[in-house]
Structures are given as C-alpha cells and as structure tokens.
Amino acid sequence: MTGVHKKQTSAEPQVAAMIFFLLIILTLYSLLHVYIFYKIQGALTLGMVAASIVIFVMALMISAPVMVHVSERNGLEVLARLMSCLGYTWMGLAFLFFFSSLAIDLYRLIVYAGGFVLRSDLSPLNPSPQFALIVPLLVTAVIASYGFFEARSIRTETLTIKSQKIPKEIGMLTIVQISDIHLGLIVREDRLKRILREVRQAEPDILVCTGDLVDGQIDNLTGLAELLQGIAPKYGKFAITGNHEFFAGLDQALFFTRNAGFTILRGEAVTVAGIITIAGVDDPTGKHFGLFTQVSERALLSGLPGDTFTLLLKHMPVVDKNALGLFDLQLSGHTHDGQIFPFSLITRVFFPKNAGLFHLPSDSCLYVSRGSGTWGPPIRFLSPPEVTVIRLVDRCEQ
C-alpha cells in the first residue's frame, strides 16, 4: 500500500468560511419561506393569530437543522431524531411547493408580458391566488408521496467494462459500489437492509463505498456496522471519505467504517490478489477541517503497475486531467443526481458529469452513482437510489 503524509493546517479560517457559507444557505432558506408565506397570505388573508402561528411553525422548521445538530451534540437523540424527521421532511415539501408555485408564477409572467406586447387585457387568463396555492399544494402532496416510496426502492444498475487488463483466468470480476447512504438519524436499519439485499444478490468479489456512508453525529448507530460486517466479498471491502465523514467527526466516521469491515484508502492504493489495483483519495472537504490527506492524484497513480486494472475511488465526480490515462475507471457519487427533481438541473451546473457512465480521454472512464440513500428529506423524485454492479471482463470475452 502506498503511503502519503497528511497535511495538517490551521482549521480556523476554513471553519469561519464554512460558517459563513452555512449562514448564506440559512438566509436563502429563510427567504424561500418568506415566499411561501406570501403565497399563503395572498390566498387566505390570514388574521394576526393565524399568521403568527404560520410564522412560528416556519421559524421552527427553518431552525430545525440547527436544533438537530445541537441535540445530537448534547446526547438528546430522541429530540434529534424527531426534529430531523420533521425538519427535513418539511424541507422537501417546501422545495417541492416552491418549484411548483414558481412554475405558476412563470406562467403569470408570460401572460403579463403577452398582454403588454399585444396591448390587451389578458388578466382573465391568470389563476386566482387561491388556485395558485391549491395546485402547488396538490402537486407537492402527490410528488412527496411518490418520492417517499421511490427513496426506498433500491435499483440495481449494471454495467460491463471490457479491458485487456483483466486476467483471462479470472474471466470476470464483479465490483459492487454503494455510495451516499447517509446512515444516521433518518436512514437506519430498514433502508440499510434493503441496500444490502441488493448487494448480496450481486455476489460481489469486491465491495466499495465511495463516501458519505455516515451522516451527522453518529454516536448511536447500534447494529448498523454489524449488518455491513455480514457482507464479506472474496477480495475485500474498500471505502473513502466523503464530505459527510468530516461533518460527522472524522475519527468517529473512520472508526465506524473500519468496524463495518472496510479498508479505508486516504491517498493510498492497494493491489488486490495481483488482479486489480484500487486507489482512493480524500474528499477535499477535509481541507476545511485541517484533516485532508494531501496527495497528487497523478503522483499516486503514476507509481502503480500499468498492466493491472486501476480503479480510482473519489467522492466528488471531478476528473483530474493530469491523471487521465493513469486509471481505468473512476467511481464517484456525491451528487445524488439532484435527489429531488428539478435539483438535478442545478447539480449539473456544478458537476456536468452528474450521474451515469462517461467515457474520458486516454481510455479512462468515470461512473457517477445516484447514491444508495438520501440526505436530508427522505424523498427522491426522478432520481431513484441505486446499488451499482460493475462487471469487469477480459476484452476478448464475448
């Protein structure tokens, strides 16, 4: 196994930057609720008491993620789980309502613009405030109900990669990828058992986890590591850090992952049984905590045997151009393919290679998993969770 040094830096500036970023997110989330309140008030003309109740509930839900974090830190698990379920479910509903309502507002804008251009009164074509509230509420209810079940419907995605680097005597090597499970307050035994059922059916030779195995504070994940221990592939299990491993507390996350039976690769590589070389790098979120394992992907990969299939595990689907041709397949996750449409349109702005298989220059490939669990809202819409089965076969095999 190749080793590298861990670069320790002062985390204070990075933590301050992260707090500033979280404040921006919290501000935007608050503004989203101002928009929703405006829609409710416009349709129902709430009195002072009713408006105060709505504002109180919204303020409580806006602060729910902070309350979850504080509750976890102070060992109040029941309160943390309750606020997590309420707060993150509300978050999903709020986003769905926002986008549905925004579509109606866009229609109203088109009608207004059309009337201005045609110099005609097209206001009868505009929906009433009550209609503009009820329709998004119905759309939100339908999508959320469907999305709740979609989040639990684990799909198996299978791809075949042909390579002359796979020994003929092996014939086929089966690798199963899980990613972004987010074990924690919401994703627990039931969801993990569903995921592992798909893993077992694939009969993997190797199991890899491309980050975010855990989510948030993980003081009490009793029994979950043992469930993962029950998967024992022939050539082992390998994992890397995602951004949430650092959010959860790196030491705890690494302890849980190792206890689950994974070998963690942090700027390291290992050749398994002379068949395949697996390399893994830290998620760059570690830089914000001064816990990033500093390594050049090119330096790491260029020292590996060129005649062996090289698998690179990297949480975010970002390809280092300097490493092209030095790995055969990069496995990533992180994006969840947006998790709830239309967020997939947003994630594609930041990560153009958002989900699926991509052929890269110099005979390298990238596969991006949609993730096996959920973050935040226990809902998925047009982005079902997946367990990925990669079958590596000799190029000469038919």
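List of remarks:
- With contributions of -39500 (n - 2.57) from each DSSP H run of at least four residues, the per-residue ellipticity at 222 nm computed over the chain stands at -14500 deg cm²/dmol.
- From phi via Karplus (6.51, -1.76, 1.60), per-residue ³J(HN,Hα) for segment 117-128 in Hz, x at Gly/Pro: 5, 7, 6, 10, 8, 9, 4, x, 7, 7, x, 6
- Rounded to the nearest 10 degrees, the angle from helix 129-150 to the longest Cα principal axis of the chain is 20 degrees.
- Full-extension gain in nm, Leu31 to Lys287, via 0.36 nm per residue minus C-alpha separation: 89.2 nm
- Relative to the Cα centre, the charge distribution of the chain, modelled as +1 at Lys and Arg Cβ and -1 at Asp and Glu Cβ, gives a dipole magnitude of about 400 debye.
- Applying a threshold of 27 Å to the alpha-carbon distances of Lys234/Lys314; Lys162/Lys234; Lys234/Lys287; Lys287/Lys314; Lys237/Lys314 flags Lys234/Lys287 as lying beyond it.
- Selection from Gly115, Val34, Gln252 lying farthest towards where the dipole of the chain points positive, charges on Cβ: Gly115
- Crossing angle, helix 48-73 versus the chain [Cα axis fit, 0-90 degrees, rounded to tens]: 20
- Multiplying the residue separation of Gln229 and Ile19 by 0.36 nm and subtracting their alpha-carbon distance yields 72.0 nm.
- Segment Ala141-Asp320, length gained on full extension (0.36 nm per residue, minus Cα span): 60.3 nm
- When peptides 257-265, 159-167 are sorted by average Cβ neighbour count within 10 Å, with the highest value leading, the order is 257-265, 159-167.
- Cα centroid separation, segment 20-86 to segment 115-138 (Å): 29
- Packing-based order for 298-310, 270-282, 317-329, using average beta carbon neighbours within 10 Å, highest first: 270-282, 317-329, 298-310
- Peptides 376-382, 207-213, ordered by how many other C-beta atoms sit within 10 Å of their residues on average, highest first, read 207-213, 376-382.
- Separation of alpha-carbon centers, segment 269-309 and segment 320-390, rounded to whole Å: 19
- Nitroxide proxy distance, nm - points 7 Å out along Cα→Cβ at Val78 and Leu46: 3.0
- Leu86-Phe358 FRET efficiency (beta carbon distance; Förster radius 56 Å; 0.05 resolution): 0.90
- Listed values (1) 69, 54, 33; (2) 74, 53, 41; (3) 69, 57, 42, entry calculated as Cα extents along the principal axes in Å: (2)
- Between amide H atoms placed 1.01 Å from N, distances below 5 Å from Arg266 occur with no residue 5 or more places distant or on a separate chain.
Readers should treat all values here as calculations from the given coordinates under stated rules, not as data from a laboratory. Because the structure is predicted, anything quoted here is derived from the model rather than measured. Heads up, the Cβs are rebuilt from the backbone with ideal geometry, glycines too, and the neighbour counts pull from every protein chain shown.
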